[in-house]
1. If exposed means no more than 13 neighbouring beta carbons inside 10 Å and the site is in a DSSP loop, what's the longest run of the chain without any exposed trypsin sites (Lys or Arg not before Pro)?
2. log₁₀ I(q)/I(0) of the chain at q = 0.22, 0.25 Å⁻¹, via Debye over equal Cα point scatterers, no solvent, to two decimals?
3. Ignoring ligands, DNA and RNA, what percent of the accessible area of the chain is carbon or sulfur (1.4 Å)?
4. Looking at L8, G28, L38, which one has the Cα that reaches farthest to the positive end of the dipole of the chain (charges on Cβ: Lys, Arg +1; Asp, Glu -1)?
5. Going by alpha carbons, how many degrees (0 to 90, nearest 10) lie between the helix axis of 32-49 and the longest principal axis of the chain?
6. Looking at region 1-53, which chymotrypsin sites (Phe, Trp or Tyr not before Pro) are in a loop (DSSP not H, G, I, E or B) and have at most 11 other Cβ atoms within 10 Å?
7. Rounded to whole Hz and in sequence order, give me ³J(HN,Hα) for region 20-29 from the Karplus expression 6.51 cos²θ - 1.76 cosθ + 1.60, θ = phi - 60°, writing x for Gly and Pro.
Amino acid sequence: MYVKKNILKQLYYSLIYPCLTYGLLFWGNTYSSSIKPLIILQKRAMRIITFSKLNEHSEPLLKN
């Protein structure tokens, strides 16, 4: 089943983004090892939304 990219983007901002931004003040004062799993999940979500390969570089995807 094919879903349009704008719908996937809306799903990201309604389901994933609030979870990442919740408690952002607390995450700013923690170790990078605690934040790394969140960054990995965010990169994985971006690759899924953009229909990219799993090993594609994530910086251009996050900029878009």
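1. 5-52
2. -0.99, -1.15
3. 63 percent
4. Positive-most Cα among the choices belongs to L8.
5. Its long axis makes an angle of about 10 degrees.
6. In loop regions of region 1-53 (DSSP not H, G, I, E or B), the sparsely surrounded chymotrypsin sites (Phe, Trp or Tyr not before Pro) are Y2, Y22, Y31, F51.
7. Rounded to whole hertz, the list is 6, 8, 5, x, 4, 5, 6, 5, x, 9.
The values are calculated or read from the model by the stated rules, or taken from the named source; none is laboratory data. The model shown is predicted, which means the values in this text are computed figures rather than measured ones. Glycine also receives a Cβ, built like all others from the backbone with ideal geometry; neighbour counts cover every protein chain displayed. We work out accessible area using only protein heavy atoms, side chains counted, and drop any ligands, DNA or RNA first. Shrake-Rupley method; radii C 1.70, N 1.55, O 1.52, S 1.80 Å.
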